[in-house]
Amino acid sequence: MKNYTPRLFDVYKNDIQPILMKKLNIENVMQLPKIEKIVLNIGMGEAKDNKNSLSQAVDELTMITGQKPIITKAKNAISNFKVRIGDPVGVMCTLRGVKMYEFLDRFISISSPRIRDFRGFSSKGFDGRGNYNFGISEQIIFPEIDYDKVNSIRGMNITIVTNSGNDNYTYELLVGFGFPIKELKIKKNSSSGAVLKQDSNDEVKAQGKSEEDQENEKNINKVSEDLDSLDGGESEDKSENDPSVNDGPQSQEENSTESEED
C-alpha cells in the first residue's frame, strides 16, 4: 500500500498536466492548479433532539469517505433556532491525498450518473478564489449506502479546494478530470469589448462600465434633454405673449418719434 498511487492521480500527472500547460500558457509545472482537499459537510438542524439521526449520519459519511468524520458544534447561541453554544449542528469530513483522489474517482465514475434528472453541475459554484462548491440532495447516490437501512434522506455540501486562486484554472482542471460540470459562460461588454467569465476571479476584470450603468446614463441623458426642450418651449411662449420682448429696439424708437410729434 505504500507504493500505491490512485488512478486519477496518474491521469493528472501523465495526461492532464501537459494539456493544462498548453491551454493556460504555463511553463512551470509548479504553477499548475492542483486539488488540495475535498470537504464534505452535512448540516443537521435536528441533531440536538434526534441523536439516532446524528449517529446514522456519522456512519453513512464514514462509509462514503472511508474515514471517521467529526461532529460540528455551534459556536454562537441563536435563540430563534433554540441553539446553544456547543450543540451539535452537523457532520464534516476532510479528505486529502490518496483518499481524496479515490473519492473523486468514485464520485465522477459511479455516483454522479446515479443522480436523478442529472444534467451536469452548475458552473456558478466557484467562489472567486479557485474553489468549487456544489450540493447533493440525496446520499443514496453513493453505492456504499444501503437503501434499506436509511431512515431519512439527507443531502450534503461538497467543496473542492485548489491552490490555483483562479476560477478559470480550476474549471479547466475539473474538465480535465472529467467532472460533469456545465460550460462556463462568457460575458461580453458591448461598449469596451471587455470579456468576463462567469463568477471569475478578481484578476479578470472588465474595462468599462456595465450594461446597467450604461442604460441608466442613457435614461438620465434623455430626461435632461426632455427638460431642456420643455424649458426652451416655455421661453418661446413667453416671448410671443410679452409685447415688450417682441417689440425690441424698433418699437422703442417708434414710441419716441410719436412723443416728439405730439
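Values quoted throughout were computed directly from the atomic coordinates according to the rules given, and no laboratory measurement underlies them. Computed from a predicted structure; not experimentally measured. Reconstructed Cβ throughout: ideal geometry from the backbone, glycine too, with neighbour counts over all protein chains shown.
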Length-normalised contact order of segment 7-197, Cα under 8 Å, at least 6 apart, in percent, tallies to 26 percent
Pull up the DSSP beta bridges for segment 7-197 and report the antiparallel fraction as a percent, rounded to 5.
95 percent
Members of K51/K73; K51/K149; K68/K99; K73/K124 lying beyond 21 Å, as alpha-carbon distances in this model show
K73/K124
Net dipole in debye of segment 82-162 [+1 Lys, Arg Cβ; -1 Asp, Glu Cβ; about Cα centre; nearest 20]
260 debye
Only loop residues by DSSP count here, and only those with at most 16 other Cβ atoms within 10 Å; note down the GluC sites (Glu not before Pro) in segment 1-67 that meet that.
E27, E46
List the chymotrypsin sites (Phe, Trp or Tyr not before Pro) in segment 116-184 that DSSP assigns to loop (not H, G, I, E or B) and whose Cβ has at most 11 other Cβ atoms within 10 Å. Which are they?
F118
Note down the relative contact order for segment 50-154 as a percent, whole number, built from C-alpha pairs under 8 angstrom at least six residues apart.
22 percent
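Sorted from fewest to most neighbouring beta carbons within 10 Å, what does the list D105, D127 look like?
Ascending number of Cβ neighbours within 10 Å: D127, D105.
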For every other residue with a beta carbon closer than 12 angstrom to the beta carbon of I220, add +1 if it is Lys or Arg and -1 if Asp or Glu, then tell me the sum.
-3
